[in-house]
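The next block holds one structure in the form of structure tokens; read it before the comments.
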Amino acid sequence: MKKQEIISELVEILMLDDGYIIDETPIEFDSLSSLMLVEFLDDNFNISITKEEINSFETIKSVLEFINDKKN
Amino acid sequence: MIKTEFYLPENIIDSNLLQSDFESFDKEKFENKIGINERYIVDEEESSLELSIKSCKKLFESFDKSKIDFIVYCTQTPKHILPGNSSQLQHELGLGSIPSFDFNLGCSGYVYGLSIAKAFIESGIANCVLLVTSDTYSKYINKKDKSNRSIFGDGSTSTIIDKSLSNNIGEFVLGTDGSKFQNLIIENGGGLKKSTCNPELLKYGTDNFFTKNDLYMNGIEIFNFTIQLVPELVEKTLVKNNLDKNEIDYYIFHQANSFMLDYLRKKIKIPREKFYNDLKFSGNTVSSTIPIAINLSQQNGNIKKGDKIMLVGFGVGLSWGATILKI
């Protein structure tokens, strides 16, 4: 999956408005978007994630870094 | 056919009410993804026992209750800590001095109940078991807990398991992972710590508050557990019953939430038309979701005589169970 596709998925899950900045716009996963993130990571990368890891994400960039770390 | 009935209490909690209580509740997104529009909860004067009396009375409109010789009752929210609901149910329904007991399980409870009933019948201990499920989680959900208030509903079911039905219940795969018990828990009010008068309000996720007197669910860990466990559980259940996936006519999983169910269905590669996914008008009623689904599937023709149904329960414990039911 290409980086831009991952970003698009995350933007949809988080329902971010246009104009977001990958390494600046603050993000927060609520209960529902957390479930969607768990599904997205399991389905596409076979990665599992904890509640604490989800709560630690501050920007889209931090989610991308997490995915990269787990993949390698 | 399997004889099962259910009863839901009268107070409706719909999405509009949740939207008025929680500014951040996104009605459209929640209904579309999680698949729950309404859930029913008891009032202060009603408990799991009263729900089960009503469910059983519905069942007895078309079944001779004098045939019942054992009550097996699944609940985690009994009317009293002791005695269990089953003894009061026996009295209220006028079932004579037949044996009865409660057991404490949540979303895997119905499958476990079937295994208990089958074992009692096959061993000659009972001939006709009344299996009851009944829970009122609403009594333990904090009013400020958006997630749990939007997911759970109260309800009760009753099922008759006699010798002929017992013969049509297949082999079971049952299990527990007690290391994850803290992910779905009510800490206070049990045998260690009493419920406290002014408990500390704790936050989890966004817009969810609870105290240790209330139900707490770590939804992420439950989802992780489920997506790891259930595909393997389905496979093991097929193998244990000498069945191929395409020999199963219909799948009924515990109705936790629509989003999770749809992902499990895709992961296991079950065709949509063979898979029950509907909790729109009752929410997650814990051990009652599977028998409610059986009842409604019989009514709407999705399951018919001769069909092989896979039943899969999973939840608090963490606990799981699956079997095959030939209708």
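Computed quantities for the displayed model
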quantity	calculated
Any helices (runs of 4 or more DSSP H) falling wholly within segment B:93-175 and containing at least 2 residues that are surrounded by 21 or more Cβ atoms within 10 Å (Cβ to Cβ)	B:109-122, B:146-151
Among the candidates B:T285, B:T237, B:T226, residue that is closer than 20 Å to B:E38 by Cβ, under 22 Å from the mean Cα position of the chain (by Cα) and β-branched (V, I, T)	B:T285
All positions within segment B:32-57 that are within 14 Å of chain A (Cβ to nearest Cβ) and free of Cβ contacts under 8 Å to residues at least 24 places away in the same chain	B:N32
Condition check for B:D249: open to solvent by 10 Å² or more (accessible area, probe 1.4 Å), over 20 Å from B:K118 (Cα atoms) and in contact (Cβ under 8 Å) with a residue 24 or more places away in the chain	yes
Residue that is nearest to B:N218 (Cα to Cα), among those in segment A:24-52 that are more than 10 Å from chain B (Cβ to nearest Cβ), part of a loop (DSSP other than H, G, I, E, B) and open to solvent by less than 50 Å² (accessible area, probe 1.4 Å)	A:I47
Yes/no for A:N55 being closer than 20 Å to B:F25 by Cα and either touching a residue at least 24 places away in the same chain (Cβ under 8 Å) or surrounded by fewer than 17 Cβ atoms within 10 Å (Cβ to Cβ) (or both)	yes
Filtered residues of segment B:205-221 (kept if touching a residue at least 24 places away in the same chain (Cβ under 8 Å) and either of a type in the set (F, W, Y) or at the interface with chain A (Cβ under 10 Å from one of its Cβ atoms) (or both))	B:G205, B:T206, B:D207, B:N208, B:F209, B:F210, B:Y216, B:M217, B:N218, B:G219, B:E221
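The values are calculated or read from the model by the stated rules, or taken from the named source; none is laboratory data. What you see is a predicted model, and the numbers here were worked out from it, not measured in a lab. We place every Cβ from the backbone using ideal geometry, glycine too, and count neighbours over all the protein chains shown. SASA here: full protein model, heavy atoms, side chains in, ligands and nucleic acids out. Shrake-Rupley method; radii C 1.70, N 1.55, O 1.52, S 1.80 Å.
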